[in-house]
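Please treat every number below as a calculation from the coordinates, not as lab data. Because the structure is a prediction, the values reported are computed rather than measured. Every residue, glycine among them, receives a Cβ derived from its backbone with ideal geometry; neighbour counts consider all protein chains shown.
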Amino acid sequence: MKEEGSLTNEVLTKYETKKSILSKAKQILSKNWIKWALLILVLGASYAIFMYADMLDTINNSIAFTKAFFSGKFFEFYELSVEMSITRYAANYSVPIYLLLSIWNLPIFVLSGALGVDFITWWVGLLWSKTLIVMFALLSSYMIYKILLLCNIKKKRAYLGVFLFLSSIIVFDVIFVTVQLDIIPIFFMLLGLYGYLKKDNVLFFLSFTIAVPFKMFALLLALPLILLRQKNLLKAGGTWISMTALLIIEKILYSGSAVYKYALSAQTRDAMMQLQNSRNKYGKTIFNIFSFIYLFGSIFLYS
């Protein structure tokens with residue numbers, strides 16, 4: 001009996017010890033600075049380690065854009081990207097993406113040339129390119145903070161919103177691992193939303209106009225916002241269509257480029273196919289649930 005009692009006490013002691021350790025760990029992790037420190041550690045490590053193949057394509061094509069610009073072949077950029085391509089894909093995004101990366105990478109590109117190293121395989125060049133995307137993620141988190149404050153959310157809650165954004169699996173995977181470009185238009189869309197809430201129509205319009213050439217899904221967010229305030233359909237439609245001004249100018253400038261037409265139409269076609277594939281079937285009726293919700297929501301906001 002004494003042995004059984006001793007064994008029970010030993011088990012209880014171990015249980016209490018583990019419980020105490022877990023309780024202390026919980027208290028430590030409940031402190032905000034610990035959470036932020038762990039988040040910075042994880043994101044920092046991911047920033048330094050990962051580089052997805054898609055970004056290599058974009059970096060390579062931005063180098064082609066730089067060379068096309070300085071060699072006087074600006075309008076032959078898309079053809080030149082095919083000739084110079086050493087990665088999987090030639091240029092298939094709109095010009096602003098390559099223009100932005102070209103400007104950002106120019107100092108390191110010049111330095112790589114002076115040192116005689118290949119920019120596309122030099123870790124400094126790759127990390128510098130990735131820094132631009134991470135910077136837009138941080139700028140987006142700042143805009144989220146500003147928008148939350150504008151909505152009368154307390155600072156503590158606003159910081160929580162930023163933390164939830166930066167710690168989300170979408171941001172971790174899309175920005176810090178696969179280094180996708182979508183965060184660039186998202187920043188401008190958030191900036192436009194901030195302008196919208198501040199009733200700054202110029203900031204709202206310009207921000208979405210800049211976002212559209214990067215990714216056309218910016219138009220999907222802009223239309224309901226316009227309809228919510230502008231009840232004149234002609235004016236609302238005019239404002240919405242005007243947001244495509246930069247994209248229209250680009251298409252005019254590259255109207256003579258067969259490669260441009262093919263590359264950009266392929267992107268549009270893929271996006272439309274993904275949208276069409278999100279269809280639902282109820283009995284014999286087949287409809288696109290996203291289109292239904294979007295159309296219904298836009299009509300509701302307009303009414």
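Here Ile249 and Trp36 are evaluated by their C-beta separation; at R0 = 41 Å the FRET efficiency comes out at 0.45.
Only the Cβ atoms of Lys and Arg (+1) and of Asp and Glu (-1) were treated as charged; on that basis the dipole of the stretch 63-165 about its Cα centre amounts to roughly 860 debye. Cβ crowding within 10 Å ranks Trp33, Trp128 as Trp33, Trp128, fewest other Cβ atoms first. Under the criterion of Cα pairs below 8 Å and six or more residues apart, the relative contact order for the stretch 40-166 equals 21 percent. Does the stretch 51-106 classify as rounded, prolate or oblate by the C-alpha gyration tensor (a ≥ b ≥ c root eigenvalues; a/c under 1.5 gives rounded; else a/b over b/c gives prolate, otherwise oblate)? Cα axes put the stretch 51-106 in the oblate bin.
For the stretch 53-255, the relative contact order is 17 percent, taking Cα pairs closer than 8 Å that sit 6 or more residues apart in sequence and dividing their mean separation by the residue count.
Protection proxy ranking of 103-113, 173-183, by the mean of other Cβ atoms within 10 Å over each peptide's residues and highest first, is 173-183, 103-113.
With the Cα gyration tensor of the stretch 53-255 giving a ≥ b ≥ c as the square roots of its eigenvalues, does the rule (a/c under 1.5 for rounded; else a/b larger than b/c for prolate; else oblate) give rounded, prolate or oblate? Cα axes put the stretch 53-255 in the oblate bin. Across the stretch 41-52, rounded Karplus estimates of 3J(HN,Hα) from the backbone phi angles (6.51 cos²θ - 1.76 cosθ + 1.60, θ = phi - 60°) give 4, 5, 5, x, 5, 5, 4, 7, 9, 8, 8, 7 Hz, Gly and Pro being marked x. With 0.36 nm allotted per residue and the present C-alpha distance subtracted, the Trp122-Glu83 stretch has 11.9 nm of extension available. Over all other residues within a Cβ to Cβ distance under 12 Å of Ala64, the charged ones net out to -2, with Lys and Arg as +1 and Asp and Glu as -1. The residue among Met135, Val171, Leu149 whose Cα reaches farthest toward the positive pole of the charge dipole of the stretch 53-255, with charges on the beta-carbon of Lys, Arg, Asp and Glu, is Leu149. Which of rounded, prolate, oblate describes the stretch 99-147, given a ≥ b ≥ c as roots of the alpha-carbon gyration tensor eigenvalues and a/c under 1.5 marking rounded, otherwise prolate only if a/b is larger than b/c? Prolate is the answer for the stretch 99-147, as a/c is 1.5 or above and a/b outweighs b/c. Close amide H partners of Asn288, meaning residues 5 or more places away or on another chain with modelled amide H under 5 Å apart, are Asn280.
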